[in-house]
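Presented below is the structure to which this report refers.
The values are calculated or read from the model by the stated rules, or taken from the named source; none is laboratory data. Since the model is a prediction, treat every value here as computed from it, not as a measurement. Cβ sites come from the backbone with ideal geometry, for glycine too, and all protein chains shown count toward neighbours. Side chains are part of the model used for accessible areas, which takes the heavy atoms of the whole protein and leaves out ligands, DNA and RNA. Shrake-Rupley method; radii C 1.70, N 1.55, O 1.52, S 1.80 Å.
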Amino acid sequence: MKLAKLNVAVDTHNSSVRILTKFRVSVKSLVFGLTLITVSYLVLVPLLMLLYASVKSTEDKLPFESTVTTLGNYTAVLTNPSMLPIFLNTFLFTAGSLAVGLPLAVLLAWLLERTAIPVRTWIANLILVPMTIPSLLSAIAWIQLLDPRIGLINVVLRSLLGLTSDMGPFDIYTLYGMCFVQGLRLVPSAYLMIAASFRAMDPSLEEQSAMAGQNITRTTMRVTLPIMRPALLAALIYFIIVVMESFDIPGLLGFTARIRVLSTAIYWATHSEVGLPDYGLASALGTIVLAAALLLMWVYQRLTAHQERFATITGKGYRPRQVSLGVWTVPATALCVVYVFVAVLLPFVMLLWTSVQPFYSTPSADSLARVSFESYVNIWRESGVMRALWNTTVLALVTSVATILLAVLVSWFVVRRGKQADGLAHYLATVSFLPQCVPSIVIGLAFIFVYVRSPIPIYGTLWIIALAMTTRYLAFSSRATTSALMQVHGELEEASQMAGAPWTRTLRRITMPLLAPAMINVFLWVAVHAMQELSMALMLYNPDTVVVSTMIWNMWQNGRTADASVLGVLLTLLSALLLLAGHLISYLRRGSNS
């Protein structure tokens, strides 16, 4: 009798375990299904709607209002003579920006990682400071420095050279000026990408070249750079996409110069100065930009997929070491200092100077007497400033939280299910990376088409901007968390589940704490970019959903230079504080773990 009761108890327990196990599997499967649906909806639906709009929209109709399918939009883009300068400007702007930014980034990365110049750590940190300054504000600062009539550098040069003209000698409102400013903006990001490869390269090959009688220049050109070829080509392809999608600098400088590239052409097609928006032209241009970006990203992935052939770090005798430049140490250090002064200190100081002037004027004894922080007080009396700050804060928080949660789920299923050669996991990895190929201005346009007639009532609200930004930043975030998760062995999660913990609790109590450093970095990265984002916000905002970036844009367009500079300084300081908070949290975590 007792044995029968015991058997019944054991059977009941086993049934409970099976039910619990089945429930755990069903929860995991349910979450996986929801993640697949969410990512597919966020990424694929807008892109498919963009393609649909490109063959349905016309000059005066949205895609839903037309009953005719036509390739007329593509015909208009490819045959209209007025479009040729736009494609040519885009090519020249991209090539010129890369010609300025990439060689400078490679040179700085080589100097700071492969040579023994002094104060390398300080210079390396200062190079990254422009990443806290939005591109829009960089363009504003350089306008104040290189405006042909009142720019500080031009005024000083005319005085020193005794020029009688009241214009020049430099003009920021040209294609050359756009390339210069955009090229400087590329340097910090390109430096980060390239410096890691320089830092990791085994110097023994360079030493052997030196022992063979080759000087530093020949060694660098014949040994170092060929080994770096995959990293340099990957950086080149990646930053072609970055420049093609950039809007802030060509939007601000090109507006005055009447120089349009593809990104600004899309914006002005939907924000026509005269007449109705031409959504047909905008969607066709967006599709062309998307196709070009997808092709370039495919090439980028091909280049980065086989870099192991160029690996120089092995288990034998790897010892990173810097080389001495000898008599070139002082000129090399001076070059780094000059770059920091020109690209970092000068623009920010000029922005700060403009913010304390009642109206723009170059530094002088008279303007120094007019210095006042009254603008920083009066800005809070502006009717829309508090709303813009609130909207920006909410947007940054919502976008960061939504992006990091979705990225963690994507990473978990890609890494853990990917080991089983799961086709759905591969699909999820591919789709989640697609937004990296989609320019921000194109995402903004696609979201207009999706939600302008959607039963989901978010068009014209802050949530559509947050959703667009979550889509845009998903690629970077999921790749960052995937890289971190690959360092976490699955046996920790298996031990938790063997102890009876549900999958959700294991994810919350084991996996996410181990991913905390990467999650914090991603959260801060997304928050800073969401605060600075202009193109998506411009495409989707209205007076009730204005954010700081769009307010700065509108202030500058309306000639309110001082107010735009005040908001720009505040936004830059807020971005810097967020990044400093991230470093502080990382430092405290390292201290608590040591």
Spans of helices (runs of 4 or more DSSP H) in the stretch 165-247 with at least 1 residues modelled with pLDDT of 85 or more and either open to solvent by 10 Å² or more (accessible area, probe 1.4 Å) or within 21 Å of Cys437 (Cβ to Cβ) (or both): 175-200, 229-245
Unique residue being in a helix (DSSP H, G or I), modelled with pLDDT of 80 or more, under 19 Å from the mean Cα position of the chain (by Cα) and among the small types (Gly, Ala, Ser) when the list is Gly568, Gly582: Gly568
Residues of the stretch 484-512 that turn out to be under 30 Å from Asn391 (Cα atoms) and out of contact with any helix residue (DSSP H, G or I) (no Cβ under 7 Å at 6 or more places or on another chain), as a count: 1
Residue pairs meeting the criteria (Cβ under 7 Å; at least 6 apart or on separate chains; first closer than 24 Å to Gly568 by Cα, in the stretch 236-261; second polar (S, T, N, Q) and part of a loop (DSSP other than H, G, I, E, B)): Ala257/Thr174
Matching option when the condition is open to solvent by 30 Å² or more (accessible area, probe 1.4 Å), in contact with a Gly (Cβ under 6 Å, 6 or more places away or on another chain) and part of a helix (DSSP H, G or I), among Val100, Val55, Val27: Val100
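Residue-wise test of (1) in contact with a Lys or Arg (Cβ under 8 Å, 6 or more places away or on another chain); (2) closer than 20 Å to Tyr376 by Cβ.
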residue	(1), (2)
Pro517	yes, no
His529	no, no
Tyr541	no, no
Gln557	no, no
Leu571	no, yes
Ala581	no, no
Qualifying helices (runs of 4 or more DSSP H) (wholly inside the stretch 371-468; at least 3 residues being closer than 30 Å to Leu281 by Cα): 423-433, 440-451
Set Thr69, Thr115, Thr121: member being outside the structural domain of Tyr176 (by TED's automatic domain parsing) and among the β-branched types (Val, Ile, Thr): Thr69
Which listed residue is part of a helix (DSSP H, G or I), crowded, with 17+ Cβ neighbours inside 10 Å, within 24 Å of the chain's Cα centre (by Cα) and in contact (Cβ under 8 Å) with a residue 40 or more places away in the chain, from Leu126, Leu111: Leu126
Tally of residues being open to solvent by less than 40 Å² (accessible area, probe 1.4 Å) and part of a helix (DSSP H, G or I) across the stretch 354-370: 3
Considering residues of the stretch 455-510 that are aromatic (Phe, Trp, Tyr) and over 18 Å from the mean Cα position of the chain (by Cα) only, the residue modelled with the highest pLDDT: Trp463
